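One structure is given here, and the rest of the page talks about it.
The values are calculated or read from the model by the stated rules, or taken from the named source; none is laboratory data. Predicted model only: the values in this text are computed from it and were never measured. Cβ: placed from backbone, ideal geometry, glycine included. Neighbour counts: every protein chain shown. Surface accessibility is based on the protein's heavy atoms, side chains included, excluding ligands, DNA and RNA. Shrake-Rupley method; radii C 1.70, N 1.55, O 1.52, S 1.80 Å.
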Amino acid sequence: MLRYVLTRGLRAAGVVLGVLVGAFILLRLSGDPVTLFVAEAASAEQIASVRHQLGLDRAVHVQLAYFIRRAVVGDFGRSLRLNAPAIEVVVERLPRTFALAAVAILLAAGIGVPLGVLSALYRGRLPERAAMGAAAVGLSIPTFWLGMMLVIIFAVQLRLLPTSGLGGFPHLILPALTLSAYPVAAIMRLVRSGMLEVLGLEFVRTARAKGLPERTVIFRHTLRNAAISVVTLLGLQFSTLMGGAIITETVFAWPGVGLLLVQSIFGRDYAVVQTALVLLAFCVVLVNTGLDLLYAWLDPRIRVTA
Amino acid sequence: MKVSRVGVHWVMVGVATLVLFGATLADASSVTVGINVLPRTLDPTFDTSAQAQGVYRTMYEPLITIGEGGAVKPALAQSWKDIDPLTWRITLRKGVRFHNGQEFTSADVKFTLERVLDAKTKAPWKPRITLVEKIETPDPFTVVIKTSQPFGTLMKNLAVIYILPAKLWQTKGEEKFLDPPVGTGPFKFVQWTKESVIQLARNDSYWGKKPQIDSLVFKHMPEASTRLAALEAGEVDLIYEVPPEQVERLKGKGYQVSPVPIGFSQVVQLKTTMGGPLTDKRVRQAMNYAVDKDAIVKSLFLSYAMKLEGQLAGPDGFGYGPGLKAYPYDPAKAKELLREAGYPQGFDVVWETAIGQYPKDRELVEVVAAQLAEVGIRAKVNVLERAARTAKVYAGTVGPVFTIAWQYLPAMDLELPYSFHLSDSIWNLMKEPEFDRLFVEQRRLTTEGERLAALRKLSAWFRDYAPEIFLYQIVAIYATKPQVERVGFRPDLTLDFTEANVRR
């Protein structure tokens with residue numbers, strides 16, 4: 001088990017390091033950040049001095065090594081746009097994005113699992129067709145459009161919920177709903193196929209033959225077996241949600257990491273972009289590694305074969 | 001008819017409720033603004049975006065403000081005079097207090113200017129006052145500014161320098177002295193959630209006319225659709241940047257729509273420093289004749305843009321020449337000029353542009369390139385990523401044709417866009433000793449009338465030289481709820497809420 005934990009840990013560290021290098025290189029490729037931090041009528045000397053202050057006049061590999069050495073201790077430099085340590089700027093907004101993702105995940109599980117069970121039980125009949133049709137829409141609908149539609153219906157027309165901005169729970173509902181459209185559909189489909197697969201297996205037949213009530217057969221035997229893959233999917237959806245937050249947070253003016261990332265990219269605030277990318281990647285890796293370890297603990301077969 | 005006693009009671013309760021409700025409405029009038037860009041910091045020294053300036057102007061005040069047509073108006077300074085070409089004497093307003101109760105004096109002015117001038121501060125506005133050499137304070141309400149060269153636009157350039165409390169800086173230090181923000185403006189700071197909301201309240205001890213509304217809130221909404229939804233859901237009273245296509249719909253629903261020309265001139269720059277046909281004045285003029293400005297304004301912007309009259313500012317800019325006219329749309333004349341210049345078959349030229357930087361810039365490039373093609377000028381459009389374009393602009397290697405909106409706000413003065421056309425500018429747009437001479441001439445003049453005449457002379461020269469295809473002045477469109485009255489929309493993209501009122 002220790003070996004397994006170690007290899008997983010090393011692999012996770014490797015991914016985070018890869019993201020660090022990737023974030024650094026991509027940002028350097030996309031243009032010279034100096035031009036945005038000098039005044040409109042800057043002279044050549046002023047530009048050179050800013051470049052020196054930012055360390056941009058050194059060789060690229062020196063900059064990279066320096067960047068990684070500092071990043072390891074949580075120092076990602078200062079946000080030139082917000083005039084504060086980049087890590088502080090990002091960490092301040094992380095809980096807001098997490099709140100959004102958490103509600104979206106809860107919604108996804110709360111809506112996706114029952115509908116998936118329903119469509120497995122009513123295979124080929126109206127409930128399944130309706131649910132699967134909705135799933136197809138959920139998987140293919142553009143987040144931006146869905147968000148605006150929800151706002152127009154629930155905020156502008158019915159005036160039940162606020163359109164945008166930071167606030168209490170009501171402010172969370174529409175963005176979380178928008179964000180959950182994809183995971184709801186994905187989970188619904190997974191639960192359905194998982195259920196159908198298990199429903200045909202021998203132990204289910206045995207359970208039925210034993211004379212167990214249908215409810216017990218479905219919830220204790222079938223759904224439980226399908227649940228493992230649902231938990232996996234929830235973990236995977238976490239990274240999708242972090243990506244989706246970029247659009248959703250912009251549409252709903254929700255000041256989380258997604259909106260910060262967009263603003264920082266346009267503002268060429270590369271310290272913040274790097275920090276946000278690395279921290280988000282770190283969270284995704286953490287969640288996935290955590291889930292891996294959880295399975296291994298739950299199911300000995302996994303840690304033996306891995 | 002007999003009215004039961006119970007009924008009467010209910011009527012009384014109802015009336016009382018209405019009265020109380022009305023009273024609370026009367027007590028708290030507030031305006032909430034959906035703004036596309038929120039200031040990054042509340043220290044007014046660092047964020048130069050026009051939207052940030054608009055928020056700063058409610059809390060802080062400069063020595064002077066810019067009024068109609070770029071005229072200088074007193075604010076914290078009551079009067080000023082140039083005692084000799086290198087010395088300005090400014091008399092300050094008395095009886096002004098900062099939000100924390102401290103009196104505003106010349107020490108605050110000296111502190112603020114010196115902080116901007118200090119290289120350590122890294123103030124982006126520093127170049128605006130870089131000719132200032134020394135600030136003296138002979139008494140609490142007099143400031144004497146010495147400049148290293150004659151500096152005719154000194155007072156104008158002070159419009160973006162907000163006066164900050166020196167005493168607080170001494171006691172709380174650089175990092176903390178504006179936490180919470182303290183200024184002298186008509187509104188005072190209440191609360192700020194970064195990238196989300198800024199909340200302000202009326203400053204009841206304001207020296208000037210006190211605002212009518214009790215509170216003012218700015219909500220960050222980067223997306224136009226989000227702002228529109230918030231306005232229509234009644235969550236905000238006023239929104240920035242309404243897309244022109246939405247104007248008729250909003251008007252139909254009873255909203256007030258205010259189009260305001262702002263200090264940005266959209267042009268297509270024709271650099272004369274990279275060789276080729278553009279070095280010939282006739283070619284540049286031909287390109288101006290080849291483009292139908294009226295059609296662009298009408299079809300792309302539904303007339304929410306103002307055609308430029310062959311100069312880099314609209315009538316709201318200081319230096320605008322009322323006698324100058326736009327190049328008329330005349331493709332035949334364009335062809336004739338091209339023939340004269342030795343390009344009867346036209347020519348190929350590289351046009352570098354970013355997309356999404358200026359309103360409708362993609363459509364703009366398509367239309368203008370098509371019209372240039374009509375007279376034989378084949379523009380090879382090269383779309384650059386925004387940062388890449390900016391980098392090339394600063395390196396002086398962009399173009400030779402590129403899209404740009406020249407900014408003449410906040411001073412609303414043509415000196416700023418002209419300064420980029422000087423021979424020694426890093427933008428490398430043109431090298432013309434005659435232009436440089438005229439420019440330096442106007443900068444030395446300290447009386448407004450003389451400088452205006454000099455700038456107009458420069459504008460006439462500039463139209464003829466045609467270093468750009470003059471297109472249009474950008475118009476900002478705001479929408480307000482019908483109940484909100486008398487918000488002042490200024491050409492520098494800031495809003496004035498001192499007169500604003502919410503009608504019931």
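Summary of computed values
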| item | result |
| --- | --- |
| Scattering curve values for chain A, log₁₀ I(q)/I(0), Debye with Cα scatterers, q = 0.08, 0.09, 0.16 Å⁻¹ | -0.49, -0.60, -1.28 |
| Tilt relative to chain B, helix B:448-465 - C-alpha long axis, 0 to 90 degrees, to 10 | 40 degrees |
| Translational D in µm²/s for segment B:341-466 (Stokes-Einstein at 4 °C, 1.567 mPa s, Kirkwood Rh from C-alpha pairs) | 78 µm²/s |
| Whole-Å semi-axes of the ellipsoid equivalent to the protein assembly as shown (Cα gyration tensor, √5λ, descending) | 53, 35, 30 |
| Global geometry of segment A:147-233, whether rounded, prolate or oblate, following the gyration tensor of its Cα atoms and the 1.5 cut on a/c | prolate |
| Reachable lysines from residue B:251, criterion Cα separation under 17 angstrom, eight or more residues apart if same chain | B:481 |
| Linear extension gain, residue B:258 paired with residue B:281, 0.36 nm per residue minus alpha-carbon span | 4.4 nm |
| Inter-centroid distance (Cα atoms) of segment B:415-450 relative to segment A:58-95, Å | 41 Å |
| FRET efficiency for residue A:227 and residue A:126, using Cβ-Cβ distance with R0 set to 25 Å, rounded to 0.05 | 0.45 |
| Accessible-area ranking of B:79, B:258, largest first, probe 1.4 Å | B:79, B:258 |
| Residues residue B:91 and residue B:133, FRET efficiency given R0 of 22 Å [Cβ-Cβ distance, rounded to 0.05] | 0.60 |
| Separation of the residue B:224 and residue A:61 label points, Cα + 7 Å toward Cβ, nm | 4.9 nm |
| Chain A: most fluctuating residue of A:92, A:197, A:214 per GNM, C-alpha cutoff 10 Å | A:214 |
| Under 16 Å, Cα to Cα: Lys pairs in segment B:262-475, sequence gap 8 or more or different chains | 16 |
| Charge tally in the Cβ shell below 10 Å around residue B:500, where Lys, Arg are +1 and Asp, Glu are -1, residue B:500 excluded | -3 |
| Histogram of C-alpha separations across segment B:301-406, 10 Å bin width, % | 12, 34, 39, 15, 0 |
| Gyration tensor verdict on segment B:61-172 (Cα atoms; rounded if a/c is under 1.5, prolate if a/b is larger than b/c, oblate otherwise) | rounded |
| Separation in nanometres of the label points that stand 7 Å from Cα toward Cβ, at residue A:173 and residue B:249 | 2.4 nm |
| Cα-projected label distance for residue A:140 with residue B:193, points at 7 Å along beta-carbon direction, nm | 3.7 nm |
| Set of lysines with alpha-carbon distance to residue B:94 below 22 Å, sequence-local pairs under 8 removed | B:73, B:81, B:110, B:156, B:167, B:188, B:209, B:210 |
| Euclidean distance between Cα centres, segment B:385-399 to segment B:148-197, Å | 32 Å |
| In Hz, Karplus ³J(HN,Hα) per residue of segment B:41-50 (6.51, -1.76, 1.60; θ = phi - 60°; x = Gly, Pro) | 9, 9, 7, x, 7, 10, 9, 8, 5, 4 |
| Amide proton proximity set for residue B:134, modelled H, under 5 Å, gap of 5+ | B:146 |
| Using distinct alpha-carbon pairs, which all enter the 1/r mean, Kirkwood radius of chain B in Å | 25.0 Å |
| Estimated FRET transfer efficiency when R0 is 30 angstrom, pair residue A:91-residue B:68 (beta carbons, to 0.05) | 0.05 |
| Using alpha-carbon coordinates, inclination of helix A:60-72 to the longest axis of chain A, degrees | 60 degrees |
| Where only C-alpha atoms are counted, convex hull volume of segment A:183-306 per residue in Å³ | 132 Å³ |
| Ranked order, A:103, B:401 - accessible area, probe 1.4 Å, largest first | A:103, B:401 |
| Listed residues B:210, B:167, B:156, B:481 arranged by accessible area, highest first, probe 1.4 Å | B:167, B:210, B:481, B:156 |
| Global geometry of segment A:92-266, whether rounded, prolate or oblate, following the gyration tensor of its Cα atoms and the 1.5 cut on a/c | prolate |
| Virtual paramagnetic centre 7 Å along Cα→Cβ of residue A:5, amide N under 12 Å, in segment A:263-293 | A:293 |
| Once the Cα gyration tensor of segment B:262-475 is diagonalised, semi-axes √(5λ) in Å | 25, 19, 18 |
